[in-house]
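> The structure under discussion is supplied below as structure tokens; questions concerning it will follow.
The values are calculated or read from the model by the stated rules, or taken from the named source; none is laboratory data. In this text, all values refer to a predicted model and were calculated from it rather than measured experimentally. In this analysis, Cβ positions are derived from the backbone assuming ideal geometry, glycine residues included, and neighbour counts consider all displayed protein chains. Remember, those area values only see protein heavy atoms, side chains included, never the ligands or the DNA or RNA. Shrake-Rupley method; radii C 1.70, N 1.55, O 1.52, S 1.80 Å.
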Amino acid sequence: MKYLFISFICILPSVAKPQVADSNYLKALYDRCLDFDENKADSIEYYANTIARDAEKIKYDRGEVLSARLKGLSRDLKGNFDEAIVYYFKSLDAARKLHTLNYEIAALTDLALIYVNTKQPMKARDMYLQCAKLSEDEKDIHSIVTAYGNLGAIYNQLALTDSALFYLEKGLQIAKPYEDVLDLSSFYNNIGNVYFAKKENEKALTYFRRNYSRHLQDSSHTDLWYDYLNISDVFIVQKKFDSAYWYAQQSLLLAKKLQSKIKESESYALLSRLYVKKDEYKNAFEYQQRWYALDTSLVNRETNRTIAGLQENFNARQREADNRLLASEFEKAMLRNKIITWLAIATAIIAIVIAGSLVLKRRTNKKLMQQNDLINRQNSKLAELNAEKNSLISIVSHDLGTPFASIKMWGQLLQSDANNLNADQQKAIERINQSTTKGELLIRSILDIEKAEINQHTIQLENFDLKVFVESIVADFQPAASGKDIRMHFETVCKQVYIISDKQLVSRICENLFSNAIKYSYPGRNVWISLTDTHDAVGIKVRDEGIGINKEELPNLFSKYSKISSLPTSGEVSTGLGLSIVKRIVAELNGSVFCESEAGKGSVFTVVLKK
């Protein structure tokens with residue numbers, strides 16, 4: 001099921017460039033570019049450079065905000081999310097320096113959409129919560145409505161349907177008086193998606209059809225494509241296959257008309273699901289192949305671009321090393337010529353002595369140069385191999401996702417017909433699905449830790465109350481602990497513990513440690529989380545009554561891909577990467593982490609972060 005995020009972007013007429021650019025012209029040009037689609041990504045880049053150049057000429061203080069956002073949008077539309085995030089953060093930083101809330105909210109929304117596209121919904125949620133807070137402080141109805149709509153959509157993606165409905169209905173209530181000037185179709189679409197997730201299909205269909213009627217009148221092709229897709233999804237669940245097929249075909253025709261490969265691949269995926277539901281597996285397989293062909297071509301195009309970039313970086317480093325070596329050789333030759341000139345003036349006896357010394361020195365220098373040259377070549381080769389290794393791991397891990405998705409789909413299909421299977425067959429299918437889940441988790445963990453080595457995360461520092469923050473994370477883990485009859489205790493003598501750090505990274509540290517404490521504890525035991533506050537640092541301590549760790553394994557506990565003999569007590573999944581990720585994140589935050597443990601007596605993990 002697809003969902004739309006709210007976006008109120010005016011479609012302006014083409015702007016003729018005046019003889020001398022002024023701020024009004026640059027703003028109008030920026031607004032016009034926001035309406036461009038993925039086919040005009042290069043044009044957006046061109047106009048972004050134009051705005052940056054002309055803004056510098058006329059000293060327009062918002063030039064950096066506008067140009068950075070457009071450059072991020074250009075790369076976003078091309079699927080180059082890593083570079084897009086960099087430019088969106090530049091736009092966010094420039095907006096905060098200027099204290100322009102509308103551009104700050106726009107940058108946060110752009111970042112949230114990137115996190116949605118890269119399957120990081122928790123980060124997207126945090127960005128939207130910041131948007132909502134800024135909008136409420138500003139008391140801007142338009143921004144508040146947009147923020148609530150986006151929060152509703154992201155909570156629905158996180159399967160928190162009650163929270164999703166809360167924000168959507170609250171936003172709709174605020175927006176209703178302004179319905180003549182605000183487009184509320186995204187709200188209706190998101191509410192429909194929530195009811196679809198809750199399996200209340202008729203309610204979902206009511207909201208989808210309301211949008212469909214509106215968009216037919218407006219001839220909004222992109223919005224209609226979402227309507228066709230959503231309505232067809234409902235009919236598939238209701239087994240109204242003829243209606244589902246008609247709407248799915250309309251979505252495919254419209255995707256081709258829009259020349260959008262992403263939309264076309266989604267339409268093929270929808271048709272594949274339709275034929276699976278009809279038990280027509282041949283047709284389902286054909287549409288699945290078309291879907292994968294488009295999806296894989298996009299992945300391969302990005303992969304080739306990544307490899308080319310790595311190769312160019314290596315070539316540039318090699319050229320720089322060659323230039324340094326050439327300059328060094330030239331300087332040595334000049335020095336040698338001066339020495340020879342002075343030696344020619346000296347007496348014969350001194351000349352013989354110096355000549356002998358010179359020969360020995362030349363031999364020594366030559367040997368040193370050969371050794372230096374060998375070391376330089378080895379270092380360059382090692383750097384190249386390491387870069388290729390990191391790239392290969394990321395590429396292979398990403399491409400493995402496709403077969404795992406296919407295995408999971410067919411496994412779920414077989415499981416849905418469990419009534420016609422015997423006990424052994426049902427058990428085999430259950431094990432297939434469990435293995436697929438473990439494989440997907442391992443791939444995500446490998447991608448996470450390998451991407452960290454090339455510093456793809458930009459640290460965002462902010463001042464926040466660590467006590468409140470950790471309490472909320474403990475509350476999130478209560479259901480998992482209760483499932484094993486484990487009691488979680490949060491202890492601190494401090495009323496407030498303020499720290500300047502990156503919330504996302506601190507959250508990941510806590511989530512890994514809390515999850516491990518629950519996994520490796522027996523049912524009916526306790527887990528204690530406590531905070532300490534000193535003059536220049538804070539400490540997070542996690543103590544469990546679990547199975548503990550052998551002393552000989554402690555030195556390698558935080559090593560990447562290390563495995564220890566201790567196993568989860570209830571068969572939970574463990575990749576062996578969690579503690580390595582914790583170690584790397586703590587190092588990024590200039591902190592320290594250590595463990596005290598004894599087999600059979602539990603473990604104590606302590607993280608110390610500087611204020």
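> Working from the pairwise distances between different alpha carbons, so that the mean of 1/r is found and then inverted, what is segment 515-595's Kirkwood radius in Å?
About 14.0 Å, per the Kirkwood formula over Cα pairs.
> Tell me, what ³J(HN,Hα) does each residue in segment 236-246 have, in order and in whole Hz, if you take phi through Karplus 6.51 cos²θ - 1.76 cosθ + 1.60 with θ = phi - 60° and put x for Gly and Pro?
Those phi angles translate into 5, 5, 7, 6, 8, 5, 5, 5, 4, 5, 4 Hz.
> What percent of all Cα-Cα pairs in segment 108-237 falls in each 10 Å bin, counting up from 0?
In whole percents, the pair-distance histogram is 13, 40, 38, 8, 0.
> With θ set to phi - 60°, apply the Karplus curve 6.51 cos²θ - 1.76 cosθ + 1.60 along segment 583-599 and write out the HN-Hα couplings as whole Hz, x wherever there is a Gly or Pro.
After applying 6.51 cos²θ - 1.76 cosθ + 1.60, I find 4, 5, 5, 4, 5, 4, 8, 6, x, 9, 9, 8, 10, 10, 7, 9, 4 Hz.
> Using a 7 Å offset from the Cα along the Cα-to-Cβ direction at both VAL353 and ASN283, what is the distance between the two label points in nm, to one decimal?
It is 10.1 nm.
> Moving on to the next point. For segment 469-584, what does the accessible surface come to per residue with a 1.4 Å probe? Please give it in Å².
48 Å²
> Taking only the alpha-carbon atoms of segment 128-205, what semi-axes of the equivalent ellipsoid follow from 5 times the gyration tensor eigenvalues under a square root, in whole Å, largest first?
Calculated on Cα positions only, the semi-axes equal 22, 15, 8 Å.
> Turning to a different aspect of this structure: Between VAL608 and ASP465, what is 0.36 nm times their sequence separation minus the Cα-Cα distance? Round to one decimal in nm.
Difference between extended and current length: 49.9 nm.
> Could you tell me what a quarter of the Cα convex hull surface of segment 216-302 works out to, in nm² with one decimal place?
5.7 nm²
> Something else about it: Which FRET efficiency value, to the nearest 0.05, is calculated for TYR178 and THR364 with the Förster distance at 56 angstrom and r the Cβ-Cβ distance?
Calculated value: 0.10.
> State, to one decimal in nm², a quarter of the convex hull surface area for the C-alpha atoms of segment 488-546, i.e. the direction-averaged projected area.
4.4 nm²
> Can I get the semi-axes of segment 62-163's equivalent ellipsoid? Compute them from the C-alpha gyration tensor as square roots of 5 times the eigenvalues, in angstrom, largest first.
Semi-axes, largest first: 22, 18, 9 Å.
> Looking at segment 456-611 from every direction and averaging, what is the projected area of its Cα convex hull in nm²?
Mean projected area of the Cα convex hull: 8.9 nm².
> If we restrict to alpha carbons, what Rg and Dmax does segment 14-110 come to, in Å?
Final numbers for Rg and Dmax: 12.6, 37 Å.
> Determine, from the Cβ-Cβ distance of ASP42 and CYS494 and an R0 of 60 Å, the FRET efficiency 1/(1 + (r/R0)^6), rounded to the nearest 0.05.
0.65
> Give me the percent of Cα-Cα pairs in segment 213-260 that sit more than 11 Å apart, rounded to a whole number.
Result for the distance tail: 63 percent.
> May I pose another question? Carbon and sulfur together cover what percent of the accessible area of segment 114-188 at a 1.4 Å probe radius?
Here it works out to 53 percent.
> Give me the extension gain from CYS595 to ARG431: residue separation times 0.36 nm, minus the current Cα-Cα distance, reported in nm with one decimal.
Going from the current span to full extension adds 55.6 nm.
> Just flag the chymotrypsin sites (Phe, Trp or Tyr not before Pro) in segment 462-566 sitting in loop per DSSP whose Cβ has no more than 14 other Cβ atoms within 10 Å.
The qualifying sites are TYR561.
> Turning to a different aspect of this structure: Hey, got a sec? Which GluC sites (Glu not before Pro) in segment 76-180 land in a DSSP loop and have at most 12 other Cβ atoms within 10 Å?
Loop-located and lightly packed - GLU179.
> If you count the DSSP beta bridges with both ends in segment 484-561, what percent of them are antiparallel, to the nearest 5?
Taking every DSSP beta bridge within segment 484-561, about 60 percent pair in antiparallel fashion.
> Largest first, what is the accessible-area ranking of ARG210, ARG32 with a 1.4 Å probe?
So the residues, ranked largest to smallest area, are ARG210, ARG32.
> Let me see the pair-distance distribution of segment 161-233: every alpha carbon pair, 10 Å bin width, integer percents in order.
For segment 161-233, the binned pair fractions read 20, 51, 28, 1 percent.
> Here is a further query. Can you pull the accessible area of LYS119 for me, 1.4 Å probe, Å² to the nearest 10?
Estimated to the nearest 10 Å², LYS119 gives 150 Å².
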